[in-house]
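Comments concern the structure below.
The values are calculated or read from the model by the stated rules, or taken from the named source; none is laboratory data. Quick caveat: nothing in here was measured; it's all calculated off a predicted structure. Neighbour counts are summed over all protein chains in view; Cβ atoms, including those assigned to glycine, are modelled from backbone coordinates with ideal geometry. Just the protein is used for accessible areas: all its heavy atoms, side chains included, with ligands, DNA and RNA removed. Shrake-Rupley method; radii C 1.70, N 1.55, O 1.52, S 1.80 Å.
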Amino acid sequence: MDNLSDALAKLKLVSKDSAADSVESCLDCLLKALTSNNAEASMKIQEMGVLPQLPNLLNPQSSCTPKVANIVAELAKNEFMRSPCVDAGLIPPLVQLLNSSDQEVLLQTGRALGNICYDSHSLQAQLINMGVIPTLVKLLGIHSHNTALTEMCLIAFGNLAELESSKEQFASTNIAEELVRLFQKQTEHEKKEMIFEVLAPLAENDAIKLQLVEAGLVECLLQVVAQTVEGDREEDVTQLKTASDLMVLLLLGDESMQKLFEGGKGSVFQRVLSWIPSHNHQLQLAGALAIANFARNDGNCIHMVDTGIVQKLLELLDRHVEEGNVTVQHAALSALRNLAIPVVNKSKMLSAGVVDVVLKFLQSEMPPVQFKLLGTLRMLIDTQAEAAVQLGTNNKLVERLVEWCEAKDHAGVMGESNRLLSALIRHSKSKEVVRAVIQGSGVKHLVTMATSEHMIMQNEALVALGLIATLDLAAAEKDFVGSNLVSVLHKLLSDERSAPEIKYNSMILICAVMGSEPLHKEVQNLAFIDVVSKLRAHENKTVSHQASLTEQRLTAQS
């Protein structure tokens, strides 16, 4: 350390115009000390006040520059040295050095910047604002033969790509072409993994997704899948998962998805279909998720159902009743739910036996599976009265729905259960279904649903409750009283924030429950006539008209 003290004292005295030899010998001493005991040497360098000298020594024309950048990189390995490096003004001259043609300067500069900005989003954002992304992408293209420089660029990309602010800059470069070209040359697992780690965050951006597809990344990924699907080495399993996951991610972009679908005739789409019957769970999962992503467009959904994709998904689900892979169950149900959205698909999917297979998962205790199961059934029965009756009179299903309506730890499952319960009544308009829901203690949940913060759920609940009151008021009377239905309706009508549809359906329901003596008394006690008369002046003509009719009904029966 004595030698280090001497070197530091000497370095403080020299300037950038000093003889290179005298500066270089000091730098060699610093590097030696940092190699021997980095933390102690770093503290000494900071204490001696040498850091402010270093920016002047980062001179593009100086032969000492690679060593100075190397020293900064070594110092910044220590967390306690990063802020002092920034305060000493080292970032701007280092960024300038990225324009150098000297590969050693570039390597050490990249290391220095990477270490200074490690784990600091604010400093990484500063680098992005200084325009390092286009520079680094250019360097990757020029020096792709230099392994060390390539790795430096990939590490930098991996860090910067995590920031949302970087995506636009990356999208304006040819990063997709460069990464795909680099990937095609790789044979080593570790190098491919490094590129994958950059591709994953970049592929979250829709513009870059499309660029990656156009640059030929999908072909690379399919090749990786083909090479690793039968492998049992850990690296094969890892690469298969990474490649198939990335493939699914590319399909989340609308443009990239449509480009790969190619009207259902695309080779990529066909290859993905072949994954579903695979014996490999990862490929089954990726295949089902890919279908779910292709099914984000009505035209694609109609084509896929017409070409037999539903049967493949049902066979896959059947295999997982016993095997019980939750991620595959969830993915296959997601695909079926999306496919069921277009009206023309519903009857075809019902005829294919989708309901029977989906109901096999009714006993699942996994909330993600429960959520998708409910969503799939809700989509299938929309406008399908016969199917709604079939499901609505299934006591096991109604019992499970009522149970899930109380799943307060899983808001998604609770919401979907309520919506399906309501949908069974709304689409069947059946007294048998209404009775099944009443007997299954489902009415109170529909009343609670009417107070939801989501207008669509409020409305669905009110329509279902209106049908219950119309079809079997006597059977529902006790539950309506017990769940304070009349008070809930009073609040909805009194609340200025209630949407016109909510007010309209609340008044329809008030009229429907007037046939019950105890409910009629509650309506009178809460002075509904005052609330309703105010709504006659409502700006919405439908609400205003219904208010007049409701007021007449209330007056006639008072």
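For the reader, a short list of remarks on this structure follows.
- Three-way shape label, the range 221-319, alpha-carbon gyration tensor, a/c 1.5: oblate
- Computed FRET value (nearest 0.05) for Glu24 with Glu164, which takes r as the C-beta separation and R₀ as 35 Å: 0.25
- Euclidean distance between Cα centres, the range 347-387 to the range 227-279, Å: 26
- Cα-based shape type of the range 234-383, given that a ≥ b ≥ c are square roots of the gyration tensor eigenvalues and the cut on a/c is 1.5: oblate
- Acute angle (nearest 10 degrees) that the helix 147-160 long axis makes with the longest principal axis of the chain, alpha-carbon atoms: 40
- Projecting the Cα atoms of Gly515, Ser533, His545 onto the dipole axis of the range 502-555, where Lys and Arg carry +1 and Asp and Glu carry -1 at the beta carbon, places His545 farthest toward the positive end.
- Rounded to whole Å, the principal axis extents of the Cα atoms in the chain read 107, 55, 38, largest first.
- FRET E, pair Gln363, Lys444, Förster distance 25 Å, beta-carbon r, rounded to 0.05: 0.55
- Separation of the His520 and Asp298 label points, Cα + 7 Å toward Cβ, nm: 4.6
- Electrostatic dipole magnitude of the chain [Cβ: Lys, Arg +1; Asp, Glu -1; Cα centre; debye, to 20]: 1680
- Accessible surface of the range 179-241 [probe 1.4 Å, protein heavy atoms]: carbon and sulfur percent: 44
- Subset of Lys408/Lys478; Lys503/Lys534; Lys408/Lys429 violating a 18 Å alpha-carbon distance limit: Lys408/Lys478; Lys408/Lys429
- Cα-centre dipole for the range 366-471 with unit charges at Cβ (Lys and Arg positive, Asp and Glu negative), debye to 20: 180
- Loop-located trypsin sites (Lys or Arg not before Pro) in the range 178-273 whose Cβ has at most 15 other Cβ within 10 Å (DSSP): Arg233, Lys265
- Scaling the Cα radius of gyration of the range 72-179 by the globular reference 2.2 N^0.38 Å produces a ratio of 0.99.
- Each stretch of four or more DSSP H residues adds -39500 (n - 2.57); spread over every residue of the chain, this sum gives -23500 deg cm²/dmol at 222 nm.
- Fully extended contour minus Cα-Cα distance, from Glu193 to Thr35, at 0.36 nm per residue: 54.0 nm
- Unit Cα scatterers, Debye sum, the range 394-513: log10 I(q)/I(0) for q = 0.11, 0.16, 0.21 Å⁻¹: -0.31, -0.67, -1.17
- Ranking Pro368, Ala176, Cys220 by Cα position along the charge dipole of the chain, where only Lys, Arg, Asp and Glu carry charges on their C-beta atoms, puts Pro368 farthest toward the positive end.
- Farthest positive-ward along the chain dipole, Cα basis, beta-carbon charges - from Ala411, His427, His320: His427
- Accessible area per residue in Å² at 1.4 Å probe, computed on the chain: 45
- This model, with +1 at the C-beta of Lys and Arg and -1 at the C-beta of Asp and Glu, gives the range 47-154 a dipole about its Cα centre of some 180 debye.
- Estimated FRET transfer efficiency when R0 is 45 angstrom, pair His545-His410 (beta carbons, to 0.05): 0.65
- Degrees between helix 20-36 axis and first principal axis of the chain (Cα, 0 to 90, nearest 10): 50
- Distance-filtered residues of the range 448-464 - backbone nitrogen under 18 Å, label point 7 angstrom along Glu496 Cα→Cβ: none
- Each residue, Asp236 and Ala125, gets one label point 7 Å from its Cα in the Cβ direction; the gap between the two is 4.6 nm.
- Cα long-axis angle, helix 485-494 against the chain (0 to 90 degrees, to the nearest 10): 60
- Split the accessible area of the range 405-558 by element, probe 1.4 Å, and carbon with sulfur accounts for 49%.
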